[in-house]
Amino acid sequence: MSNGKVPKWRKTLYEDNGYPDNYTPPECFLAAIEKNKNLLLYSLWECFSGAAEVGKEMSVVIIFWCCYKFLKTDFLQPETLLVTMLGLLVVGCTMFISRVRKVTFAGLLAGIKTIFLFTIIGFALSPVLYKLTDTISTDTIHSMALSSLLIHLLTSDYGMYAPIVSWQISLNAAVFSTVCLASRFDHHLSAFSLLCLSVFSFLLVPLSRPLLPSPLLSSLLLASAALSLLSCISTPQLCLALLSLATVQIACPVMFHRLQADKMTIHGPWDEAVIFTAPQ
Amino acid sequence: MVLTIAMVSDFFYPNMGGVESHIFQVSQCLIERGHRVLVVTHAYGDRVGVRYMTNMLKVFYLPIMPFYNKSVLPTIVCSLPYLRHILLTEKVDLVHGHSAFSSLAHEALLVGTLLNLPTVFTDHSLFGFSDASAIVTNTFLKFSLANTSHTICVSHTGKENTVLRSSVVPERVSVIPNAVDSVAFRPPKVRRNIRSVVTVVLGSRLVYRKGVDLVVEVLPKICRKKFGGGRVRVDFIIAGDGPKRILFEEMIEKHGLQARVVMLGELQHSEMRDKLLAKGDIFLNTSLTEAFCMAIVEAASCGLSVVSTAVGGIPEVLPDQFIYFVQPSVGSIKAGLERAVEDVITGDRPDPWEGNCFVSSAFNWRNVAARTERVYETVCGKERQRLATRVRNMWEGGTVAGPIMAMLYLACHYFILLLDWCES
């Protein structure tokens, strides 16, 4: 420059400042970068509560498995099971109506009609049900039932949105496992009671989430019930269940909480703009 | 210094687009400057083999079919023999790959570095960081650019984005913008007289990324309003096609705007000026992300006022007298359009030919080719890296992926030695 002054570099493409094309001004380059903007950090309490939801569902699956074993060994009578479930259903419904949502008389009648229909149809079809997978060997049955219960656990709704969550798949997987296990019974009443148990624990129990005050307390209660039931059946299974529950409910939340400190997101002018949908 | 340059990309004629026209125009200008240029791309339908385009531009259509998103499957072993043969028989001095989405370009860069040729890469787009596909693509880009001699980006924002994605040294990235043919995109001979109608035009693919959801909201509001003291109305012409076209059709039906909004459908690039830009007074661009928007430069070259969202590299492209910046929200776009329409009515905007002169001096292909040639000269003058250094660059690219890619690189090196021995 003839007057000794060098023009200031500007972040434009249409003017020739006299700087080379690969000039990188240290103060302007990456000046607009923002790190960890709008970062959502979870407290330890939230981590444990979230894990408790998963632990609850796992405990319910273990209780279901124990009930199946008890039914098989005739330790538990199907009639007892049915009566207990009916009692719990009535208690749960009254609590639900009184605390959560007011139901009109017509709604209540419709609910009772649905239960009645389901019971009648289930009972009528239970002789067919327990013969369905009769010819398949017990080992295959058990592995199929376990894998579909695993799918049920994977696709259950634990209160957070994710692409894998689908209540349709989880309910169907649970009922499929029931159909598999029901074939091991000799009497159709046992098959029917197992079906009722499966619908009760996998459809109605998750609906009771708003009733319970604290997910941690309820998960602890359910876990202790599940483990005490399992201790009557076999010790290796008890150890495995204890290990998996401890991993899911204690180790995983602690790890998640620790690893949050490593989160790093980068934002800048290159990001795709988010459309503001505020009313005009 | 006369060079033989190989431009490699998945995107070339007969496909039409920004990258394709960039490659063609820069090749033509480099041929004009005395160099020899060849283009390597994949086959398009029946179009396989060697073709010659204007000024003896040799184009190799390799017999590889596109796999996903108009790019070939990155197998490396499939294209390596072809690329090696072309680069050796044509005595290529430099390999120039275009577009991060083109797997053929990345493979050509790999083969170029294996044959110890200088390599240059041009990145035309912006990319995110957060989702899984972005993480994988950025890792591959990092390895691809580890041994590339130089990188070119089309805007300063693009440079920042590329440097962050691939961890290249910023001094090895040059910013050379795209250009527009200002002779083809010139204002109409007879200046449009604004009596009772101001026309706003839109020309883009109708997808979410181009912000068409916002346009669908703004359009009825603008059509309802009267400007210039109540005597002027605003009409719209929309060119382009895509999954969101149905939103426009629904909006037109709902508000009864059939006479006010014209949908032209998909237009060829050569028809853009005559059928769209020559009929408008204002160009609206609502992209949510853009590295360098060629559409707004074409519009400015035709003398239209531009209303655009200030995202990505757009704030660097045009000075304030030719463009109105808005935020990506319905209110902001509406306000910006209203301002632009009022200025058009009062005549308070630059002469159309002023826009054309500005674009022809600031964004022209000969300038781009000259700056690219400067990059080539820098790159050819540098010392070649030894094989050990190149493998080391790959190794240090990551804890697990680094060694894997370094092994792959070495395997390709031995494959080339095998091919050399077979041919001798």
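The values are calculated or read from the model by the stated rules, or taken from the named source; none is laboratory data. Computed from a predicted model, the values in this text were never measured in an experiment. Please note: Cβ atoms are built from the backbone with ideal geometry, for glycine as well, and neighbour counts cover all protein chains shown. We work out accessible area using only protein heavy atoms, side chains counted, and drop any ligands, DNA or RNA first. Shrake-Rupley method; radii C 1.70, N 1.55, O 1.52, S 1.80 Å.
Tabulated values for the structure
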item	result
Shape box of chain B [Cα atoms, principal axes, largest first, Å]	80, 44, 42
Dipole magnitude (debye, nearest 20) for the stretch B:368-424, charges at Cβ of Lys, Arg, Asp, Glu	240 debye
Cα convex hull of the protein assembly as shown, projected area averaged across orientations, nm²	43.9 nm²
Viscosity 1.002 mPa s, temperature 20 °C, Stokes-Einstein D of chain A from Kirkwood C-alpha radius, µm²/s	92 µm²/s
Overall Cα dimensions of the stretch B:27-133, principal axis frame, Å, largest first	44, 30, 27
A:L125/A:I169 FRET efficiency (R0 30 Å; Cβ-Cβ; nearest 0.05)	0.85
Integer Hz, Karplus 6.51/-1.76/1.60 couplings in order for the stretch A:117-124, x for Gly and Pro	4, 4, 4, 4, 5, x, 5, 5
Chain B - percent relative contact order, Cα under 8 Å, separation 6 or more	15 percent
Cα Rg over Rh - the stretch A:134-253, Kirkwood	0.97
Low-density loop positions, GluC sites (Glu not before Pro), the stretch A:1-49 - DSSP coil, at most 13 other Cβ in 10 Å	A:E15, A:E27
14 Å beta-carbon shell around B:V368, net charge (K/R +1, D/E -1)	-1
Cβ charges +1 (Lys, Arg) and -1 (Asp, Glu), total dipole of the stretch B:64-158, debye	100 debye
Of the DSSP H helices in chain B, those whose Cα atoms cover at least 30 Å axially and whose Kyte score averages -0.5 or more	B:401-423
Compactness of the stretch A:206-280 - radius of gyration and Dmax, Cα, Å	21.2, 65
Partners for A:K72 among lysines (Cα-Cα distance below 28 Å; same-chain residues under 8 apart left out)	A:K56, A:K131
Whole-Å distance, taken between Cα centres, linking the stretch A:95-148 and the stretch A:204-280	27 Å
Long-range amide H partners of A:L76 with built H, under 5 Å	A:L71
Two-decimal ratio, the stretch B:196-324, of alpha-carbon radius of gyration to 2.2 N^0.38 Å	1.01
Between the stretch B:277-348 and the stretch B:1-61, the alpha-carbon center distance in angstrom	32 Å
Inter-probe distance in nm under a simple model that places probes 7 Å from Cα toward Cβ, at A:C232 and A:E27	7.8 nm
Fraction in percent of alpha-carbon pairs per bin - 10 Å, the stretch B:151-203	19, 27, 19, 20, 13, 2
Summed buried accessible surface, chains B and A, 1.4 Å probe, nearest 100 Å²	2800 Å²
Student exercise, the protein assembly as shown dipole from Lys, Arg, Asp, Glu Cβ charges, in Debye to nearest 20	1020 debye
Per-residue mean of C-beta atoms belonging to partner chains within 10 Å, peptide B:308-315	3
Kirkwood-based Rg to Rh ratio, the stretch B:70-190, C-alpha trace	1.05
Value of [θ]222 nm, deg cm²/dmol, for chain B, DSSP H segments ≥ 4, -39500 (n - 2.57) each, nearest 500	-13000 deg cm²/dmol
Computed E for B:R374/B:C78 - FRET, C-beta separation, R0 45 angstrom, nearest 0.05	0.85
Ordering of A:57-69, B:267-279, B:310-322 by packing [mean C-beta count within 10 Å, highest first]	A:57-69, B:310-322, B:267-279
Volume in Å³ per residue [convex hull over Cα atoms, computed for the stretch A:1-153]	355 Å³
Pairwise label distance in nanometres, A:T114 with B:E253, each label 7 Å out on the Cα-Cβ vector	3.5 nm
Of B:T119, B:L284, A:F116, farthest towards positive along the dipole that unit charges on Lys, Arg, Asp, Glu beta carbons give the protein assembly as shown	B:L284
Local electrostatic count, A:W270, Cβ distance below 11 Å [Lys/Arg +1, Asp/Glu -1]	-2
